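Take a look at the structure set out below.
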Amino acid sequence: MKDSRPQVRRSMPRRRAADDFQLDDDAPLAPLDLRRMLAVLRRHLGLIALLTLLGSGAAVAYAKLRTHTYQATAVIRLHDARNQLSGGLARADAENGLGGPEVSPLLSLVELLSSRTMAGTVVDSLPLLRIRTTDMPLGLLRALEVGSSQHTDSLHLRFSADGVSLQSEPGAPPVPYGRPLGSDSFLIAVAQRPATDHARVLLATRESAIQALLGNLSVQPRENTDVVDVHFTATDTAIARRVADRLVSVFQSANAYSAQSESRARRQFVEAQLRDANGTLANARQALAAFRTRQRAFSARERFASEQATAGALQSRRRALSDQRRLYTALLSRLDDSSAANGDALLALLASPGLEDKPLIMQIAGQLSRYQAERDSLTSGPYGSAATSPDVARVTSLIAGAQSRLRTAVRSSVTVLDQQLKDLDAQRARATPQYRELSANESDETALVAAVETADHQVSQLQEQYQSARLSEALGVGQVELVDFAGPPVPTGLSAMLLAMAGFLGGLLAGCLLAFVLDYLRPTIWRQRDLAQFLESPNPIVLPRFRPRPAAAGGTRTRLGVRTNQPGLVMLTEPGGGTAEAVRAIRTKLLFSGSWGDIRTLLVTSAKEREGKSTVASNLALSFAQQGVKTLLIDGDMRKPQLHHLFGKSREPGLAEVLRGSVQAVAVIVQTDVDNLSLLVAGKTPPSPAELLGGPALHSMLARLATTYDLVVVDSPPLLAVADASVIAAAADGVLLVVKAGASDRDMLDRARSQLEDVRATMVGAVLNDPAGAVARGGEEYYFYGYAAEHESNGKH
């Protein structure tokens with residue numbers, strides 16, 4: 001057959017590497033597929049339910065078996081009572097402390113309260129904290145006394161109606177309840193008889209008791225306040241409350257004692273500084289008094305001020321005389337300049353301040369001004385006289401005479417001013433040595449006065465600080481104010497209901513996460529789109545779950561004139577059902593594929609066994625036969641043949657005998673009860689089926705049968721189980737791969753596809769078989785089944 005017609009092979013889909021199923025770093029992330037996520041959860045519903053029940057059960061068991069603890073809360077406040085009681089005088093203690101403004105007093109208090117020193121003090125004051133009990137409540141112990149021993153010790157107690165006794169002293173009479181008993185390390189008293197007959201009391205070390213106290217202690221400042229909550233947790237309510245109260249009381253006392261000690265030390269220090277400051281002040285005052293006695297004046301400062309005022313007056317007088325001399329000098333320069341002697345500038349200079357106390361100069365200046373005005377009136381205007389006019393000449397002569405007299409008067413004034421300046425300079429020269437001496441004395445006195453004032457100010461400050469330290473020491477209070485003692489302790493941890501809910505949610509979440517992890521680690525094919533993407537086969541057909549109707553009496557069904565007891569042959573038993581419609585869809589897909597015209601032999605196989613390949617092959621052959629195609633169905637699985645059971649035929653003789661040449665194929669091919677459908681059974685299992693199938697007999701037999709039948713459908717063993725399927729695939733025109741939903745993973749299918757590629761087989765399609773309803777649990781619908789079932793319910797076919 002293969003030699004008589006052209007070989008038409010469609011290339012197999014390229015083999016995907018493992019990386020092909022991972023996201024590219026540069027590829028955009030796919031949107032969240034909620035439907036697929038729900039499908040994963042549905043597939044692992046049993047696992048999720050199991051983990052949810054386990055989580056809930058574990059939470060309930062923990063709630064019943066756990067040791068209940070109770071928390072007592074005392075409240076304290078960081079409050080500077082000393083400052084309020086002292087009216088603000090005690091503020092210096094806090095302001096002069098170390099650390100600066102960046103140190104938080106509240107956080108410092110929290111650290112001190114949680115320190116090992118404070119915990120050790122509480123443990124020493126409460127011996128109960130070093131006691132551990134088994135089989136009896138700790139709250140029954142009273143009147144505890146712990147010795148100085150730092151080692152562990154234990155007492156084994158025996159309880160009776162008369163009292164309590166030590167097991168180490170079997171002959172001793174019991175001690176009445178409430179009376180002390182014990183060893184050299186510690187003594188205890190049992191208040192009443194517990195619910196048990198025996199118990200053990202253990203004395204822990206001081207270090208372990210401190211560690212236990214700190215482990216159960218929680219100090220939390222309230223936000224934006226100076227209030228601190230002190231929590232202590234214990235298994236006994238009375239102990240929790242007692243320890244919390246003792247802790248805040250001891251801390252308040254320790255803080256008050258520390259504050260008083262600091263105030264005492266500060267008072268002593270300030271007192272010593274005050275004595276030194278008083279001595280310094282007395283020395284400064286004595287030095288000032290001695291200096292003033294030597295100077296024979298009450299104050300050198302006053303004499304220096306007087307002399308300084310006199311020198312200032314002389315300086316002012318000299319400055320005034322210098323200004324007048326500059327004015328007269330400028331006036332002489334103007335008068336000596338013949339080109340500017342008659343100008344307006346000269347008149348303006350004569351009108352300057354400082355000349356009003358010189359009557360002679362002012363008189364001459366007035367005459368000069370009148371003469372110049374008269375000359376201007378004679379020479380100005382359209383009818384003015386010429387400079388050679390007798391009147392003008394007369395006035396000009398008068399002006400020259402006035403200027404000469406004015407020049408003489410100004411020179412006389414300059415001479416007088418020079419003499420006055422000389423006298424002032426001589427007077428200042430005589431006063432300079434005395435002024436310098438007074439200046440030096442004033443500086444010495446100023447330094448002595450400053451020393452007295454500084455010492456006096458220091459004494460005042462130290463006196464204030466000394467008073468503050470005395471008040472702080474006398475008050476005897478610290479910065480810790482006790483707001484509330486511990487109230488009734490409250491249970492800690494979650495309630496039993498909340499624990500059960502937390503266990504339920506935790507188990508549910510763990511189950512969901514484990515479901516996704518398992519689905520990722522085992523990438524099983526569940527959906528049609530997954531199979532299509534993996535095999536690069538467009539729209540593989542889903543063979544839905546078959547739901548047979550109840551069988552008739554005798555266990556047989558009659559459809560289309562054929563009697564069968566095999567419900568798997570849905571084309572006969574349920575021809576109108578969804579499974580039969582899916583088989584017809586497979587047939588239609590094959591008929592309309594691009595290479596179907598060249599396919600006369602079709603191999604139906606799977607990656608592993610129990611995936612439904614024999615059922616698919618049988619029903620597909622029935623579908624073609626019902627379409628009118630002359631079809632031959634061959635059972636190529638000579639190891640575990642199934643077709644002779646489905647059609648109720650004998651297993652021998654069959655394909656094995658034909659390939660060995662002991663019989664002709666036409667002699668052993670049987671006609672089924674279905675028109676156009678013939679069957680060639682497997683025959684007796686040979687010693688080596690793969691070698692028998694790999695010989696030339698298979699190729700020649702298929703070639704002959706292809707000339708007799710329109711289609712030859714071969715059912716083969718699984719590809720991964722034996723080599724038989726690969727041998728038959730090499731001889732067939734096309735391969736139809738059957739994949740069971742929820743049973744085949746991608747690695748398995750990849751190996752099966754590799755075997756087909758190795759023999760250059762042509763895959764014409766794929767079928768997703770779903771006998772267990774896995775596809776429906778994956779969130780997809782049985783479209784064929786739903787439509788067919790609806791019509792059958794309406795009485796249609």
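The values are calculated or read from the model by the stated rules, or taken from the named source; none is laboratory data. Bear in mind that the values here come from a model prediction, so they are computed numbers and not experimental data. Here the Cβ is made from the backbone with ideal geometry for all residues, glycine too, and neighbour counts use every protein chain on show. In case anyone asks, the SASA skips ligands and DNA or RNA and just uses the protein heavy atoms, side chains included. Shrake-Rupley method; radii C 1.70, N 1.55, O 1.52, S 1.80 Å.
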### Query
Which pairs have Cβ atoms under 8 Å, sit 6 or more apart or on different chains, and link a residue in the range 390-413 that is within 25 Å of residue 377 (Cβ to Cβ) to one that is surrounded by 14 or more Cβ atoms within 10 Å (Cβ to Cβ) and among the hydroxyl-bearing types (Ser, Thr, Tyr)?
391/385; 392/379; 392/385; 395/371; 398/371; 399/371; 402/371
### Query
Exactly one of (1) closer than 22 Å to residue 288 by Cα; (2) of a type outside the set (Ser, Thr, Tyr); (3) touching a residue at least 40 places away in the same chain (Cβ under 8 Å) is unmet by residue 450. Its number?
(3)
### Task
For the range 203-260, name all the residues that are surrounded by 21 or more Cβ atoms within 10 Å (Cβ to Cβ), over 13 Å from residue 110 (Cα atoms) and of a type in the set (A, V, I, L, M, F, W, C).
203, 209, 210, 213, 232, 234, 239, 240, 243, 244, 259
### Query
Of all the helices (runs of 4 or more DSSP H) wholly in the range 638-725, which have at least 3 residues that are modelled with pLDDT of 85 or more and either touching a helix residue (DSSP H, G or I) at 6+ places or on another chain (Cβ under 8 Å) or open to solvent by less than 30 Å² (accessible area, probe 1.4 Å) (or both)?
655-660, 696-708
### Query
With respect to residue 193, is the statement that it is without any contact (Cβ under 8 Å) to a residue 40 or more places away in the chain, of a type in the set (Lys, Arg) and open to solvent by 50 Å² or more (accessible area, probe 1.4 Å) true?
yes
### Message
I'm trying to understand the selection: among the residues of the range 595-645, which are touching a strand residue (DSSP E or B) at 6+ places or on another chain (Cβ under 9 Å), over 13 Å from residue 713 (Cβ atoms) and hydrophobic (A, V, I, L, M, F, W, C)?
### Response
596, 607
### Summary
With criteria (1) within 20 Å of residue 616 (Cα to Cα); (2) surrounded by fewer than 18 Cβ atoms within 10 Å (Cβ to Cβ); (3) at pLDDT below 80, residue 741 comes up short on (2)
### Query
What number of residues within the range 151-175 satisfy the criterion of being closer than 13 Å to residue 202 by Cα and outside any strand (DSSP E or B)?
2
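Okay, residues lined up against (1) within 51 Å of the chain's Cα centre (by Cα); (2) farther than 25 Å from residue 246 by Cβ; (3) not acidic (Asp, Glu):
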site: 122; (1), (2), (3): yes, no, yes
site: 135; (1), (2), (3): yes, yes, no
site: 157; (1), (2), (3): no, yes, yes
site: 173; (1), (2), (3): no, yes, yes
site: 187; (1), (2), (3): no, no, yes
### Task
Please state which one of 503, 487, 493, 511 is modelled with pLDDT of 85 or more, part of a loop (DSSP other than H, G, I, E, B) and over 20 Å from residue 752 (Cβ atoms).
487
### Query
Counting only residues that are among the small types (Gly, Ala, Ser) and surrounded by 15 or more Cβ atoms within 10 Å (Cβ to Cβ), which one in the range 263-283 is modelled with the highest pLDDT?
277
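Counting only residues that are touching a strand residue (DSSP E or B) at 6+ places or on another chain (Cβ under 7 Å) and not β-branched (Val, Ile, Thr), which one in the range 447-486 is least open to solvent (accessible area, probe 1.4 Å)?
Here the residue is 486.
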### Task
Give just the number: which of (1) open to solvent by 80 Å² or more (accessible area, probe 1.4 Å); (2) at pLDDT below 75 does residue 286 not satisfy?
(2)
